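See structure below.
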Amino acid sequence: MVVFRRAFTFALTRAGFAALLGFMSLHPINDAMAQNATAALVAQQVSLPDMALGAANAPVTITEYSSMSCPHCAAFGENVFPMLRAKYIDTGKVRFVFREFPLDIKAAAASMLARCVANGDAEKFFGTVQLLFQQQQQLMEQTNMTLRVIGKQAGMSEQAVETCGRDQTLLDKLAADQRFAHEVVKVDSTPTFFVNGERLKGAMSFEELEAAIKPLLKK
C-alpha cells in the first residue's frame, strides 16, 4: 500500500521556514461539471509562470504537483516521464505542466534552485528537476552540498546558489502557489496529477497514465 505524506504550506522568515495549513471546501456538483471546474482551477497561474513542455494547443494537458523530496515523484520522473515525453509530449498530443508542491524545507530549497537555474527556460527547468530527482538521496542527506553541486553544473557560483536560497520574493511566490493548490485545488499529497481536470493521485505507471490519455485523444 502506498502511503502519502500530508503536505504543508510554508513561508520563509529570517528565522527560517514556518508551516502554514489551510483548507477551503468546494460545493459538490455533478462529475462532468466538477471536472471542468477543476480543470479551470488547475489552469490558473497564481504567482510563478508555468514550467511546461509540449504544444500549447495539445488536446490533453497533464499537470503534476510534485515535491523534490517525494520518492514516488522521483520514480515517475525517472521511469515514466521519459516515455510519456517521447510518445505524447514531443509529438504534440500532450502538454505537461510541472507544479512545485514541496512537502518539506529541503524540497522547497530544491524547487527554488530549479527556478533560479532555469530563469524561465522550461528545458533548463526540467533538466534540473531530473538531476534533483536522480540525486534525491544525497539531496535529503546533504542538502546544501547537493544544491551547490547541481548549481555549479548549471554554471552558478556558490554565492549565486546561496542568493537563490535567500530569495524571499521567489519563496513567497512558491508559497502562494502551494497555498492555492492546497486550499482551492485540494492537492494534499504528491504526486497528484490532473489529466484535463481528472484527478489521479499517487504513483502512476506509464500504462495507467496512458489509459487516461487515450480516450481524450479520440474526442
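Quick note: the coordinates plus some simple rules give every number you see, no bench work behind them. These numbers come from a predicted model, not from an experiment. Using ideal geometry, Cβ is built from the backbone for each residue, glycine included, and neighbour counts are taken over all protein chains shown.
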Next item on the list: Take ASN79, project a point 7 Å from its Cα along the Cβ direction, then tell me which residues of segment 107-139 have their backbone nitrogen under 19 Å from it.
Entry: 130-138
Next item on the list: Give the relative contact order (percent, whole number) for the chain; include only Cα pairs under 8 Å separated by 6+ residues.
Entry: 34
Check: Hey, what do the phi angles of segment 206-219 turn into as Karplus ³J(HN,Hα) couplings, whole Hz, using 6.51/-1.76/1.60 and θ = phi - 60°, x for Gly and Pro?
Finding: 4, 5, 5, 5, 5, 5, 7, 7, 4, x, 6, 6, 8, 6
Notebook entry, point to check: Restricting to the chain, what percent of DSSP beta bridges are antiparallel, rounded to 5?
Noted result: 70
Check: Can you list the HN-Hα couplings for segment 173-179, worked out from phi with the Karplus curve (6.51, -1.76, 1.60; θ = phi - 60°), rounded to whole Hz and with x for Gly and Pro?
Finding: 5, 4, 5, 5, 5, 5, 4
Next item on the list: Enumerate lysine pairs in segment 27-217 that are 8 or more residues apart or on different chains, then count those whose Cα atoms are under 27 Å apart.
Entry: 21
Next item on the list: Compare the Cα positions of THR143, PRO82, LEU41 along the charge dipole of the chain (+1 at Cβ of Lys, Arg; -1 at Cβ of Asp, Glu; about the Cα centre) and return the one farthest towards the positive end.
Entry: LEU41
Notebook entry, point to check: Taking neighbour Cβ counts within 10 Å as the exposure measure, how do ILE150, ILE213, ILE105 sort from fewest upward?
Noted result: ILE105, ILE213, ILE150
Check: Hey, with R₀ at 25 Å, roughly what FRET efficiency would GLU208 and LYS186 work out to, going by the Cβ-Cβ distance, to 0.05?
Finding: 0.75
Notebook entry, point to check: So for the pair ASN144, GLN45, with labels modelled 7 Å out along Cα→Cβ, what separation do we get in nm?
Noted result: 3.5
Checklist line | Cβ charges +1 (Lys, Arg) and -1 (Asp, Glu), total dipole of segment 94-219, debye | finding: 340
Notebook entry, point to check: Can you work out the FRET efficiency for the pair ASN36 and ALA176, with r the C-beta to C-beta distance and R0 = 30 Å, to the nearest 0.05?
Noted result: 0.75
Notebook entry, point to check: Could you put VAL187, VAL149 in order, starting from the residue whose Cβ has the fewest other Cβ atoms within 10 Å?
Noted result: VAL149, VAL187
Check: Which of TYR65, TYR88 comes first, and how do the rest follow, when ranked by fewest Cβ neighbours within 10 Å?
Finding: TYR88, TYR65
Item checked: Cut-off under 5 Å, modelled amide H: who pairs with VAL60 long-range -> ARG95
